[in-house]
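What follows is one structure encoded as C-alpha coordinates, with my remarks underneath.
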Amino acid sequence: MTTATAIAHPNIALIKYWGKADEAMSLPATGSLSMTLDVFPTRTTVTVGEGAGAGSNATAPDTLTLNDRPATDAELGRVTRFLDLVRELAGDERPAAVVSTNTVPTGAGLASSASGFAALATAAAAAYGLDLDVRALSRLARRGSGSASRSIPGGVAIWHAGDDAASFSETVAAPPLAMVIATVDAGEKHVSSREAMRRTIATSPFFPAWVTSTAASLERMVEACAAGDFTRIGELTESNALRMHATIQSAEPPIRYLTAASTRVFDAVAGMRVAGLEAYATADAGPNVVVLTRPDDREAVAAELSANAGIAQPVTTLPGPAARLESGGGADATGPAASGAGTAPGAGAPA
Ligand code: DP6
(Lines give C-alpha, C1' and ligand atoms only; values in the text may rest on other atoms or scores of the structure.)
Protein backbone atom coordinates (compact mmCIF):
# COMPACT_ATOMS: atom_id res chain seq x y z
CA MET A 1 0.00 0.00 0.00
CA THR A 2 1.41 3.42 -0.98
CA THR A 3 0.13 6.66 0.43
CA ALA A 4 0.93 10.25 -0.52
CA THR A 5 -0.54 13.49 0.79
CA ALA A 6 -0.37 16.77 -1.09
CA ILE A 7 -1.38 20.35 -0.38
CA ALA A 8 -2.38 22.87 -3.05
CA HIS A 9 -3.81 26.36 -2.96
CA PRO A 10 -6.49 27.96 -5.13
CA ASN A 11 -5.62 30.61 -7.69
CA ILE A 12 -7.47 33.63 -9.00
CA ALA A 13 -6.96 34.54 -12.63
CA LEU A 14 -6.01 38.08 -13.65
CA ILE A 15 -6.51 37.04 -17.29
CA LYS A 16 -9.29 34.48 -17.31
CA TYR A 17 -9.64 31.05 -18.83
CA TRP A 18 -13.14 30.81 -20.27
CA GLY A 19 -13.77 28.22 -22.96
CA LYS A 20 -12.01 25.12 -24.23
CA ALA A 21 -10.49 24.46 -27.63
CA ASP A 22 -10.58 20.72 -26.90
CA GLU A 23 -12.82 19.47 -24.12
CA ALA A 24 -11.50 15.88 -24.00
CA MET A 25 -7.91 17.07 -23.55
CA SER A 26 -8.88 20.12 -21.49
CA LEU A 27 -7.06 22.52 -23.79
CA PRO A 28 -8.06 26.16 -23.34
CA ALA A 29 -9.24 28.50 -26.10
CA THR A 30 -6.72 31.07 -24.81
CA GLY A 31 -3.86 31.25 -22.35
CA SER A 32 -4.50 32.71 -18.89
CA LEU A 33 -2.56 34.10 -15.93
CA SER A 34 -3.27 33.87 -12.22
CA MET A 35 -2.01 34.43 -8.72
CA THR A 36 -1.98 31.42 -6.43
CA LEU A 37 -3.34 32.32 -2.99
CA ASP A 38 -1.75 31.61 0.40
CA VAL A 39 -5.17 30.85 1.95
CA PHE A 40 -7.82 28.12 1.57
CA PRO A 41 -5.56 25.11 0.86
CA THR A 42 -6.85 21.69 -0.14
CA ARG A 43 -5.18 18.68 1.47
CA THR A 44 -5.57 15.36 -0.33
CA THR A 45 -4.35 11.87 0.55
CA VAL A 46 -4.26 9.13 -2.08
CA THR A 47 -3.75 5.53 -0.97
CA VAL A 48 -3.10 2.91 -3.63
CA GLY A 49 -3.17 -0.81 -3.16
CA GLU A 50 -4.50 -3.47 -0.88
CA GLY A 51 -7.90 -2.67 0.43
CA ALA A 52 -7.82 0.87 -0.92
CA GLY A 53 -11.00 0.43 -2.88
CA ALA A 54 -12.61 -2.07 -0.54
CA GLY A 55 -16.37 -2.08 -0.49
CA SER A 56 -16.83 -0.53 -3.89
CA ASN A 57 -17.90 -2.24 -7.08
CA ALA A 58 -15.85 -3.07 -10.16
CA THR A 59 -17.04 -0.18 -12.32
CA ALA A 60 -16.16 2.46 -9.73
CA PRO A 61 -13.48 0.82 -7.60
CA ASP A 62 -12.04 4.03 -6.17
CA THR A 63 -13.41 5.64 -3.04
CA LEU A 64 -13.61 9.35 -2.29
CA THR A 65 -14.21 11.15 0.98
CA LEU A 66 -14.71 14.89 0.56
CA ASN A 67 -14.73 17.15 3.61
CA ASP A 68 -15.44 14.16 5.88
CA ARG A 69 -18.45 12.90 3.92
CA PRO A 70 -18.69 10.21 1.21
CA ALA A 71 -18.61 11.85 -2.22
CA THR A 72 -21.59 11.88 -4.58
CA ASP A 73 -21.51 9.61 -7.66
CA ALA A 74 -20.77 12.63 -9.86
CA GLU A 75 -17.82 13.71 -7.69
CA LEU A 76 -16.44 10.18 -7.54
CA GLY A 77 -16.89 9.73 -11.30
CA ARG A 78 -14.82 12.83 -12.02
CA VAL A 79 -12.04 11.68 -9.68
CA THR A 80 -12.06 8.13 -11.12
CA ARG A 81 -11.77 9.48 -14.68
CA PHE A 82 -8.79 11.53 -13.53
CA LEU A 83 -7.18 8.59 -11.70
CA ASP A 84 -7.62 6.50 -14.87
CA LEU A 85 -5.19 8.90 -16.60
CA VAL A 86 -2.69 8.49 -13.77
CA ARG A 87 -3.08 4.68 -13.84
CA GLU A 88 -2.50 4.62 -17.58
CA LEU A 89 0.72 6.63 -17.19
CA ALA A 90 1.89 4.45 -14.31
CA GLY A 91 0.84 1.16 -15.89
CA ASP A 92 -0.85 0.34 -12.59
CA GLU A 93 -4.53 -0.61 -12.55
CA ARG A 94 -5.04 -0.71 -8.80
CA PRO A 95 -7.85 1.42 -7.36
CA ALA A 96 -7.25 4.20 -4.88
CA ALA A 97 -8.84 5.64 -1.78
CA VAL A 98 -8.90 9.43 -1.89
CA VAL A 99 -9.53 11.63 1.13
CA SER A 100 -9.71 15.34 0.48
CA THR A 101 -10.37 18.37 2.65
CA ASN A 102 -11.08 21.78 1.17
CA THR A 103 -10.97 24.92 3.25
CA VAL A 104 -12.47 27.04 0.48
CA PRO A 105 -16.28 27.06 0.27
CA THR A 106 -16.95 24.45 -2.46
CA GLY A 107 -18.69 25.79 -5.57
CA ALA A 108 -18.69 29.41 -4.44
CA GLY A 109 -16.66 30.71 -7.35
CA LEU A 110 -13.43 30.58 -5.42
CA ALA A 111 -11.79 27.86 -7.48
CA SER A 112 -12.05 24.84 -5.20
CA SER A 113 -11.61 22.67 -8.30
CA ALA A 114 -8.24 24.32 -8.93
CA SER A 115 -6.75 23.49 -5.54
CA GLY A 116 -8.65 20.18 -5.52
CA PHE A 117 -7.25 18.78 -8.76
CA ALA A 118 -3.80 20.29 -8.18
CA ALA A 119 -3.62 18.47 -4.83
CA LEU A 120 -5.08 15.29 -6.33
CA ALA A 121 -2.63 15.31 -9.27
CA THR A 122 0.34 15.85 -6.95
CA ALA A 123 -0.71 13.16 -4.45
CA ALA A 124 -1.86 10.63 -7.06
CA ALA A 125 1.31 10.98 -9.16
CA ALA A 126 3.40 10.24 -6.06
CA ALA A 127 1.18 7.42 -4.81
CA TYR A 128 1.33 5.69 -8.21
CA GLY A 129 5.10 6.15 -8.34
CA LEU A 130 5.31 8.73 -11.14
CA ASP A 131 8.18 11.22 -11.06
CA LEU A 132 6.75 14.31 -12.78
CA ASP A 133 8.27 17.77 -12.91
CA VAL A 134 6.23 20.98 -12.62
CA ARG A 135 5.48 21.08 -16.32
CA ALA A 136 4.29 17.47 -16.54
CA LEU A 137 2.33 17.78 -13.31
CA SER A 138 0.60 20.95 -14.50
CA ARG A 139 -0.39 19.18 -17.73
CA LEU A 140 -1.77 16.32 -15.69
CA ALA A 141 -3.71 18.61 -13.31
CA ARG A 142 -5.14 20.40 -16.36
CA ARG A 143 -6.96 17.19 -17.29
CA GLY A 144 -8.87 17.28 -14.00
CA SER A 145 -9.80 20.97 -14.16
CA GLY A 146 -8.27 23.57 -16.43
CA SER A 147 -7.54 26.13 -13.74
CA ALA A 148 -5.86 23.43 -11.58
CA SER A 149 -2.94 23.55 -13.98
CA ARG A 150 -2.09 27.03 -12.63
CA SER A 151 -2.10 25.88 -8.99
CA ILE A 152 0.86 23.53 -9.60
CA PRO A 153 3.59 26.22 -9.82
CA GLY A 154 3.57 28.86 -7.10
CA GLY A 155 3.13 32.62 -7.23
CA VAL A 156 1.99 34.21 -10.47
CA ALA A 157 1.46 31.52 -13.10
CA ILE A 158 0.79 31.55 -16.81
CA TRP A 159 -1.07 28.62 -18.38
CA HIS A 160 -0.22 28.38 -22.05
CA ALA A 161 -2.74 27.61 -24.76
CA GLY A 162 -1.58 25.09 -27.34
CA ASP A 163 -1.54 21.36 -27.93
CA ASP A 164 -1.22 18.83 -25.13
CA ALA A 165 2.57 19.15 -24.89
CA ALA A 166 2.53 22.96 -24.96
CA SER A 167 -0.40 23.56 -22.61
CA PHE A 168 1.35 23.66 -19.25
CA SER A 169 1.69 26.27 -16.50
CA GLU A 170 4.79 27.95 -15.14
CA THR A 171 5.66 30.74 -12.73
CA VAL A 172 6.34 34.18 -14.21
CA ALA A 173 8.12 37.11 -12.59
CA ALA A 174 5.76 39.81 -11.35
CA PRO A 175 5.86 42.79 -9.00
CA PRO A 176 4.61 42.34 -5.40
CA LEU A 177 0.85 41.64 -5.46
CA ALA A 178 -1.84 41.01 -2.87
CA MET A 179 -5.52 40.15 -3.03
CA VAL A 180 -8.47 40.73 -0.75
CA ILE A 181 -11.34 38.27 -1.08
CA ALA A 182 -14.81 39.73 -0.69
CA THR A 183 -17.20 36.83 -0.14
CA VAL A 184 -20.70 38.08 -0.82
CA ASP A 185 -22.28 34.62 -1.00
CA ALA A 186 -20.68 31.33 0.13
CA GLY A 187 -23.43 29.15 -1.38
CA GLU A 188 -23.12 26.70 -4.29
CA LYS A 189 -23.28 28.33 -7.73
CA HIS A 190 -26.26 27.36 -9.89
CA VAL A 191 -24.46 26.73 -13.20
CA SER A 192 -21.02 25.09 -13.06
CA SER A 193 -18.25 26.86 -14.94
CA ARG A 194 -17.82 23.78 -17.14
CA GLU A 195 -21.45 23.87 -18.23
CA ALA A 196 -21.48 27.65 -18.55
CA MET A 197 -18.37 27.57 -20.77
CA ARG A 198 -20.08 25.08 -23.09
CA ARG A 199 -23.16 27.26 -23.31
CA THR A 200 -21.10 30.40 -23.93
CA ILE A 201 -19.20 28.77 -26.80
CA ALA A 202 -22.36 27.31 -28.32
CA THR A 203 -24.56 30.39 -28.12
CA SER A 204 -22.71 33.66 -27.45
CA PRO A 205 -22.19 35.83 -30.54
CA PHE A 206 -19.40 37.54 -28.57
CA PHE A 207 -17.31 34.42 -27.87
CA PRO A 208 -14.94 34.83 -30.87
CA ALA A 209 -14.23 38.43 -29.77
CA TRP A 210 -13.60 37.19 -26.21
CA VAL A 211 -10.95 34.78 -27.53
CA THR A 212 -9.09 37.32 -29.68
CA SER A 213 -9.24 40.11 -27.09
CA THR A 214 -8.14 37.83 -24.24
CA ALA A 215 -5.14 36.57 -26.21
CA ALA A 216 -4.14 40.22 -26.76
CA SER A 217 -4.74 41.12 -23.09
CA LEU A 218 -2.58 38.19 -21.99
CA GLU A 219 0.32 39.47 -24.06
CA ARG A 220 -0.07 42.91 -22.50
CA MET A 221 -0.34 41.36 -19.04
CA VAL A 222 2.90 39.40 -19.49
CA GLU A 223 4.62 42.65 -20.54
CA ALA A 224 3.16 44.53 -17.56
CA CYS A 225 4.31 41.79 -15.17
CA ALA A 226 7.83 41.82 -16.64
CA ALA A 227 7.91 45.63 -16.39
CA GLY A 228 6.60 45.57 -12.80
CA ASP A 229 3.78 47.91 -13.84
CA PHE A 230 1.18 47.38 -11.12
CA THR A 231 -1.28 49.92 -12.52
CA ARG A 232 -1.31 48.27 -15.93
CA ILE A 233 -1.69 44.82 -14.31
CA GLY A 234 -4.70 46.08 -12.36
CA GLU A 235 -6.36 47.77 -15.34
CA LEU A 236 -5.99 44.67 -17.49
CA THR A 237 -7.31 42.49 -14.65
CA GLU A 238 -10.53 44.41 -14.11
CA SER A 239 -11.18 44.87 -17.82
CA ASN A 240 -10.67 41.17 -18.59
CA ALA A 241 -12.97 40.08 -15.76
CA LEU A 242 -15.78 42.36 -16.92
CA ARG A 243 -15.32 41.18 -20.50
CA MET A 244 -15.62 37.57 -19.34
CA HIS A 245 -18.82 38.31 -17.43
CA ALA A 246 -20.24 40.27 -20.38
CA THR A 247 -19.53 37.28 -22.63
CA ILE A 248 -21.13 34.85 -20.17
CA GLN A 249 -24.19 37.09 -19.88
CA SER A 250 -24.53 37.07 -23.65
CA ALA A 251 -25.12 33.29 -23.72
CA GLU A 252 -28.58 31.93 -24.45
CA PRO A 253 -30.25 31.44 -22.07
CA PRO A 254 -28.11 34.05 -20.27
CA ILE A 255 -26.03 33.25 -17.22
CA ARG A 256 -25.41 35.96 -14.66
CA TYR A 257 -22.93 35.24 -11.90
CA LEU A 258 -22.54 38.80 -10.61
CA THR A 259 -25.25 39.98 -8.26
CA ALA A 260 -26.18 43.37 -6.86
CA ALA A 261 -23.85 42.67 -3.94
CA SER A 262 -20.99 41.94 -6.39
CA THR A 263 -21.65 45.20 -8.20
CA ARG A 264 -21.49 47.07 -4.90
CA VAL A 265 -17.98 45.72 -4.41
CA PHE A 266 -16.91 46.77 -7.93
CA ASP A 267 -18.31 50.25 -7.14
CA ALA A 268 -16.49 50.39 -3.81
CA VAL A 269 -13.23 49.45 -5.53
CA ALA A 270 -13.73 52.19 -8.15
CA GLY A 271 -14.32 54.58 -5.23
CA MET A 272 -11.05 53.49 -3.61
CA ARG A 273 -9.17 54.40 -6.79
CA VAL A 274 -10.78 57.83 -6.87
CA ALA A 275 -9.66 58.30 -3.27
CA GLY A 276 -6.09 57.32 -4.16
CA LEU A 277 -6.11 53.73 -2.89
CA GLU A 278 -5.09 51.64 -5.89
CA ALA A 279 -7.23 48.50 -6.18
CA TYR A 280 -8.87 46.55 -9.01
CA ALA A 281 -11.72 44.03 -8.93
CA THR A 282 -12.14 40.64 -10.54
CA ALA A 283 -14.62 37.77 -10.16
CA ASP A 284 -14.76 34.14 -11.25
CA ALA A 285 -17.86 32.08 -12.05
CA GLY A 286 -19.77 33.21 -8.99
CA PRO A 287 -20.80 36.36 -7.15
CA ASN A 288 -17.69 36.77 -5.01
CA VAL A 289 -15.26 39.52 -5.84
CA VAL A 290 -11.50 39.46 -5.41
CA VAL A 291 -9.63 42.74 -5.16
CA LEU A 292 -6.09 43.06 -6.46
CA THR A 293 -3.88 45.54 -4.66
CA ARG A 294 -0.33 46.18 -3.52
CA PRO A 295 0.80 44.22 -0.44
CA ASP A 296 1.18 47.42 1.62
CA ASP A 297 -2.41 48.45 0.82
CA ARG A 298 -4.18 45.17 1.56
CA GLU A 299 -5.30 46.00 5.09
CA ALA A 300 -6.61 49.40 3.98
CA VAL A 301 -8.55 47.73 1.13
CA ALA A 302 -9.99 45.16 3.55
CA ALA A 303 -11.08 47.96 5.92
CA GLU A 304 -12.75 49.82 3.05
CA LEU A 305 -14.59 46.67 1.93
CA SER A 306 -15.93 46.20 5.45
CA ALA A 307 -16.90 49.83 5.87
CA ASN A 308 -18.32 50.61 2.42
CA ALA A 309 -19.31 47.35 0.71
CA GLY A 310 -20.85 45.39 3.56
CA ILE A 311 -18.21 42.64 3.48
CA ALA A 312 -18.23 40.95 6.88
CA GLN A 313 -14.82 39.32 6.85
CA PRO A 314 -12.57 40.19 3.94
CA VAL A 315 -9.67 37.72 3.62
CA THR A 316 -6.28 39.08 2.61
CA THR A 317 -3.72 36.98 0.76
CA LEU A 318 -0.26 37.26 -0.73
CA PRO A 319 1.03 35.00 -3.54
CA GLY A 320 0.92 31.40 -2.36
CA PRO A 321 3.23 28.42 -2.72
CA ALA A 322 3.41 25.69 -5.35
CA ALA A 323 1.53 22.44 -4.87
CA ARG A 324 3.68 20.14 -2.76
CA LEU A 325 3.84 16.76 -1.14
CA GLU A 326 3.37 17.01 2.58
CA SER A 327 6.67 15.31 3.42
CA GLY A 328 9.29 16.75 1.07
CA GLY A 329 9.44 16.61 -2.73
CA GLY A 330 6.51 18.04 -4.64
CA ALA A 331 6.26 20.63 -7.34
CA ASP A 332 7.78 23.68 -5.70
CA ALA A 333 9.47 25.73 -8.40
CA THR A 334 12.48 26.09 -6.09
CA GLY A 335 12.27 22.58 -4.69
CA PRO A 336 13.81 19.26 -5.65
CA ALA A 337 11.13 18.29 -8.19
CA ALA A 338 11.99 21.33 -10.31
CA SER A 339 15.74 21.17 -9.90
CA GLY A 340 16.28 19.56 -13.26
CA ALA A 341 17.04 16.13 -11.89
CA GLY A 342 14.69 13.35 -12.90
CA THR A 343 12.03 13.71 -15.54
CA ALA A 344 12.59 15.79 -18.66
CA PRO A 345 10.16 18.69 -19.15
CA GLY A 346 6.82 17.43 -20.26
CA ALA A 347 7.80 13.79 -20.08
CA GLY A 348 5.31 11.38 -18.69
CA ALA A 349 2.27 13.61 -18.95
CA PRO A 350 -0.91 12.07 -20.26
CA ALA A 351 -1.04 11.35 -23.97
C1 DP6 B 1 -14.01 31.58 -14.19
O2 DP6 B 1 -11.06 25.40 -14.30
O3 DP6 B 1 -13.24 25.29 -13.04
O4 DP6 B 1 -12.51 30.50 -12.70
O5 DP6 B 1 -11.68 23.25 -16.80
O6 DP6 B 1 -14.15 22.94 -16.82
O7 DP6 B 1 -12.84 22.39 -14.76
P8 DP6 B 1 -12.94 23.27 -15.99
O9 DP6 B 1 -13.18 24.76 -15.50
P10 DP6 B 1 -12.54 25.59 -14.31
O11 DP6 B 1 -12.90 27.06 -14.79
C12 DP6 B 1 -12.39 28.21 -14.20
C13 DP6 B 1 -13.03 29.41 -14.78
C14 DP6 B 1 -12.77 30.71 -14.06
C15 DP6 B 1 -11.63 31.50 -14.71
C16 DP6 B 1 -10.22 31.07 -14.39
O17 DP6 B 1 -9.95 30.51 -13.32
O18 DP6 B 1 -9.35 31.36 -15.23
Per residue value of the accessible surface for the range 228-318 (all protein chains in place, 1.4 Å probe), Å²: 42 Å²
With a Förster radius of 25 Å, plug the Cβ-Cβ distance of ASP38 and SER306 into 1/(1 + (r/R0)^6) and report the FRET value to the nearest 0.05. 0.75
For the range 239-322 the trypsin sites (Lys or Arg not before Pro) that pass both the DSSP coil test and the at-most-16 other-Cβ-within-10 Å test are ARG256
In the chain, carbon and sulfur make up what percent of the accessible area (probe 1.4 Å)? 54 percent
Between GLU235 and HIS190, how many nm apart are label points set 7 Å from Cα along the C-beta direction? 3.6 nm
Highest mean packing first, using Cβ neighbours within 10 angstrom, the peptides 130-136, 204-210 sort as 130-136, 204-210
Which one of ALA261, GLY187, GLY77 is farthest out on the positive end of the charge dipole of the chain, using unit charges on Cβ (Lys, Arg +1; Asp, Glu -1) and the Cα centre as origin? ALA261
Residue by residue, what Karplus-based ³J(HN,Hα) values in Hz, rounded to whole numbers, does the range 6-12 have, using 6.51, -1.76 and 1.60 with θ = phi - 60° and x for Gly and Pro? 10, 10, 9, 10, x, 9, 10
Using protein chains only and a probe of 1.4 angstrom, how many square angstrom of HIS190 are accessible, to the nearest 10? 140 Å²
Hey, what do the phi angles of the range 219-232 turn into as Karplus ³J(HN,Hα) couplings, whole Hz, using 6.51/-1.76/1.60 and θ = phi - 60°, x for Gly and Pro? 4, 5, 5, 4, 5, 5, 5, 4, 7, x, 8, 4, 4, 5
The size of the Cβ-based charge dipole (Lys, Arg +1; Asp, Glu -1) of the range 100-222 about the Cα centre, to the nearest 20 debye, is 200 debye
Charges only on Cβ, +1 for Lys and Arg, -1 for Asp and Glu: so what's the dipole of the range 178-317 about the Cα centre, in debye to the nearest 20? 400 debye
When the dipole is taken about the Cα centre of the chain, and only Lys, Arg (+1) and Asp, Glu (-1) are charged at their Cβ, what size is it in debye, to the nearest 20? 420 debye
Which listed residue (ALA246, GLY271, THR200) has the Cα farthest towards the positive end of the charge dipole for the range 178-317, taking +1 on Lys and Arg C-beta and -1 on Asp and Glu C-beta about the Cα centre? THR200
Dividing the mean separation of Cα pairs under 8 Å (6+ apart) by the residue count of the range 178-317 yields a relative contact order in percent of 40 percent
From the backbone phi of the range 283-296, what are the Karplus-calculated ³J(HN,Hα) couplings (6.51 cos²θ - 1.76 cosθ + 1.60, θ = phi - 60°) in whole Hz, Gly and Pro given as x? 8, 8, 7, x, x, 6, 10, 10, 10, 8, 8, 7, x, 5
Could you tell me what a quarter of the Cα convex hull surface of the chain works out to, in nm² with one decimal place? 16.6 nm²
Taking only the alpha carbons of the range 155-269, what extent do you get along each of the three principal axes, in Å, biggest first? 40, 38, 23
For a quick check of understanding: with a 1.4 angstrom probe and all protein chains in place, what accessible area in square angstrom does ARG43 have, to the nearest ten? 110 Å²
Of all beta bridges DSSP finds with both residues in the chain, what is the antiparallel percent, to the nearest 5? 90 percent
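The values are calculated or read from the model by the stated rules, or taken from the named source; none is laboratory data. On a predicted model such as this, the values are computed, not experimentally measured, just so you know. No Cβ is skipped: glycine too gets one built from the backbone with ideal geometry, and neighbour counts run over all protein chains shown. To get the accessible areas, we keep the full protein, side chains included, count just its heavy atoms, and leave off ligands, DNA and RNA. Shrake-Rupley method; radii C 1.70, N 1.55, O 1.52, S 1.80 Å.
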